[in-house]
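Presented below is the structure to which this report refers.
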Amino acid sequence: MPKSNAVLLPQNVQPTSYAIHLTPDLVAFTFAGEESVAIEVLESTNQIVLNAAELQVSEASFTGSNGVSTAASNIAMDADEETMTLTFPSAISEGKGTLRLVFTGELNDRLTGFYRSQYTDSDGQSHTMATTQFEPSSARRSFPCWDEPALKATFQLTLTVPAAMDAVSNMPVSEEKAAGALKTVKFAESPIMSTYLLAFIVAELSVIEQKADNGTLIRVLTTRGKQEQGRFALDTSVALLTYFNQYFGIPFPLEKLDHIAIPDFAAGAMENWGAITYRETALLVDPNISSAATRQRVAEVISHEMAHMWFGDLVTMVWWDDLWLNESFASWMGDKAVNHIHPEWKMWTQFVANDTIRALSLDGLKNSHPIEATVTTPAEVEELFDAISYSKGASIIRMLEDYLSPETFRAGLQKYLSAHQYSNARTADLWASMEEASGKPVKSLMDTWTAQMGYPVLNVESKRDASGVHLDISQSRFLLSHLVDGDETSAETWKVPISVATSWNADPAPTLMESTKATITITPPPADAAQPWFKVNVGQTGFYRVNMSAEDWSALIPAIASRALPDTERLGLQNDAYSLSRAGYLPVSQFLAIAEGYRNETDASVWRELAGNLGDLDTLLSDEACYPKLKALCQGLFTPLAQRMGWEPKPGEGHLDTILRGVALGQAGYYDDPAVLGEAQARFEKYLKDPSSLAPDLRGVVYSLTAQQGDANTYERMWDLQKKADLQEEKVRLLISLTRIPDPELISDILKRSLTDDVRSQDTVTVLGAVSGNPKGKALAWDFLKDNWEVFNERYGHGGFMLMRLVGLPRGFTTQERLDDVRQFYTTHPVPAAERSVRQVIEGLELNVAWLDRNKEDVSQWLEQR
Ligand SMILES: [Zn+2]
């Protein structure tokens, strides 16, 4: 095993196997535990240091290979370091031995460690379950351990639980013994694995199951009575396992694979080996209520987590600084597998929208970070779970696969997995395997993308003569702050795979740009070519932006309008144009002129992305005099689309058309199309009388547009529906819709309720985020956050996804006053666990203010003359 400098615990003692016995008390919310850890003492010592947090350890003893036991003379807990130091009366000599510990802890309600989750069933009965979330650093909250990914060991778990409840863990049950009201469940010993991948759940569960091709038992577990909502997940998982077994060339190594829905869950899902846990909305599908978008999300999340079974679980990063390798790989591979089982979903176009574009946006900030980051504390580790680790990483993996070819990439990957299975690896090990497979200098190429933050914008100047079209390309770092700072010479250079598509030459060979300048020559277009165009970055596989002359941009508009350019190219072009205009490389009016070229667009991802960018302009300009004109432009795009899509599904229409209908109606309604608003209202009234009248895919749009024009009466009726809804997806859909209500008093009421039992703690931040997205709620949400900071800090301040989203809440402000206010607040209320997110939101606000200052005249004029 390669040794990491980042292993924080002393390395004189290492665990090899844990036997853990836990007895949770689901009434008192405590647990009692004892464990025997087989350890290897590498250097004689009288102290053993391991991780433990929020535990009371009452006994600690060491038994050497000679059979002599010695009790620790002192047990010292360090709450800040989350360690426990055991001191023994005399030195323990080198060799094998067993450490025995007895301890107790709390079943907390903070969604981390060994925690409790409470829920009400459809009969109104309240239930409690106990479950775990250990990644990254919370196994130590459940049992004392060497809680670092490189310190792999085997685990043998035993749980004593109420006889009427079920117990699930990574491994199958090997023995079960009843004793009165309790039963003791012993699980088979796990293979060697990291502590953060251990999981156990004690709950009243229902199960459905199916054997996959190679004999692996796949199960979906839900709270009682919901098992049929796991059917889609089960079918999907069976299909995915066949694909993964074949792609990786190593069959799934465990006997069974469980997918478990948990009512309270901080993240989307967690890749515990053989026992994946999910929030309900990421696993459950009700055919009568769930939307196409939910089915897709469920498939994506399952696929992402299953990819981790190999990449992350079988081979694990040495230390968290290589977290990106786990997450980016699972994100890329997850979409690849979904694309295989659902080619009609066009996952790679969606990937460009959901991953590449999202990451380009975050990584355009000065306050981004390199993919490979140095991290030490648990809070720093948690802050790594962002769009850089997931989406930028996934995008550069896609870029590498495209550059090496899918076959070579897969061969390199299989080498990597076989070389490091049941062990740990670093990023460099993956590149070494890829180099072996390809004979290309992968490491020096990829280092420019993982070690440096940011990415380049390629500036392309074209010249045409008899010998061809010459593209003179130069690269410099793309920064949104170019808007303020102008052209600055950047020290960074990236190795950029460049591909060019043209209207006359289908497949020009790609080249690798290795320095700041390059020239690519393409054969000239035939003399009779009508409106020739070229487009750099074919398929948007490259992680960069492209700028060109106004003429070359304009030459692309007819190819956008006629859809001669494929959907992924159309998607990328408008995103590049918008981002370049946000960063001051292009006039905004040029983006708007390009946007109007998308009138006849048919692809859901392209429309959604365009809607997002227009929505951003909507936020920036909502208080300006020219706003009604912008709204008219947006209506002019979305109303015809809404009319084309209609309200009723067309016979035989596909998944993406169903999604596009929601986007079309939602956007037309948002920009106040009276016909769409009227129809939404009418359908809502009809739904109240006859719930079966509203198709699942129209629910979101009908609820939100009804709320957008709703009064106090509508508001209460929607809360009522929300309370009665059984499916979590429906509850969240209603909550998000409710945030569109226009009356400020009602908005304040939602904010208040978001901290009560009306809203699950896992959904509070989502509700606040949605209120901030309502132009009338933006200021109210921020003020609410400030007024209740203590409560929020107590709940989410320890770090993670939710904290990062929470501090980003005021990102939609556009005025200097609000910028000062936000800066001032975070100065007096520092958030150490999301320090970078705070810098990012402030940078974003500075950019909003500067953008408005520099552009409002240009936009007003263009809109006026249009
Ligand atoms: Zn993941």
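At a glance:
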quantity	calculated
Test for ILE250: is it more than 16 Å from the ligand (Cβ to nearest atom), β-branched (Val, Ile, Thr) and touching a residue at least 12 places away in the same chain (Cβ under 8 Å)	yes
Looking only at the stretch 330-365, and only at residues there that are among the aromatic types (Phe, Trp, Tyr) and within 16 Å of the ligand (Cβ to nearest atom), the one that is nearest to HIS655 (Cα to Cα)	PHE351
Test: residue in the stretch 379-398 that is over 20 Å from ASP321 (Cα atoms), aromatic (Phe, Trp, Tyr), within 16 Å of the ligand (Cβ to nearest atom) and part of a helix (DSSP H, G or I)	no
So HIS308, is it farther than 16 Å from LEU198 by Cα, free of Cβ contacts under 8 Å to residues at least 60 places away in the same chain and either surrounded by 24 or more Cβ atoms within 10 Å (Cβ to Cβ) or within 15 Å of the ligand (Cβ to nearest atom) (or both)	no
Boolean, GLU327 is more than 14 Å from the ligand (Cβ to nearest atom) and of a type in the set (Asp, Glu)	no
Residues of the stretch 446-484 that turn out to be at pLDDT 95 or above and at positive phi, as a count	1
Checklist (1) over 33 Å from the mean Cα position of the chain (by Cα); (2) at pLDDT 95 or above applied to GLN11, failing item	(2)
Breaking point among (1) at pLDDT 95 or above; (2) in a loop (DSSP other than H, G, I, E, B), for VAL168	(2)
Unique residue being in a loop (DSSP other than H, G, I, E, B) and crowded, with 24+ Cβ neighbours inside 10 Å when the list is ASP147, ASP123	ASP147
Unmet requirement for ILE522, which otherwise passes all of (1) over 36 Å from the mean Cα position of the chain (by Cα); (2) crowded, with 17+ Cβ neighbours inside 10 Å; (3) under 25 Å from MET446 (Cα atoms)	(3)
Residue among VAL771, VAL759 that alone is among the hydrophobic types (A, V, I, L, M, F, W, C) and either over 23 Å from ALA266 (Cα atoms) or in a helix (DSSP H, G or I) (or both)	VAL771
Candidate set: the stretch 227-247, residues that are buried (at least 17 other Cβ atoms within 10 Å of the Cβ) and under 20 Å from ASP121 (Cα atoms); chosen: the one farthest from the ligand (Cβ to nearest atom)	GLN227
Candidates ILE289, ILE260, filtered to the one that is crowded, with 17+ Cβ neighbours inside 10 Å, out of contact with any His (no Cβ under 6 Å at 6 or more places or on another chain), of a type in the set (A, V, I, L, M) and farther than 21 Å from MET129 by Cβ	ILE289
Exclusive hit being closer than 24 Å to GLN762 by Cα and away from the ligand (no atom under 12 Å from the Cβ), set VAL301, VAL318, VAL285	VAL285
Identity of the residue in the stretch 259-278, at pLDDT below 95 and more than 11 Å from the ligand (Cβ to nearest atom), that ends up nearest to the chain's Cα centre (by Cα)	ALA266
Hey, THR427 under 23 Å from the mean Cα position of the chain (by Cα), surrounded by fewer than 22 Cβ atoms within 10 Å (Cβ to Cβ) and more than 15 Å from GLY334 (Cα to Cα) or not	yes
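The values are calculated or read from the model by the stated rules, or taken from the named source; none is laboratory data. Bear in mind that the values here come from a model prediction, so they are computed numbers and not experimental data. Glycine also receives a Cβ, built like all others from the backbone with ideal geometry; neighbour counts cover every protein chain displayed.
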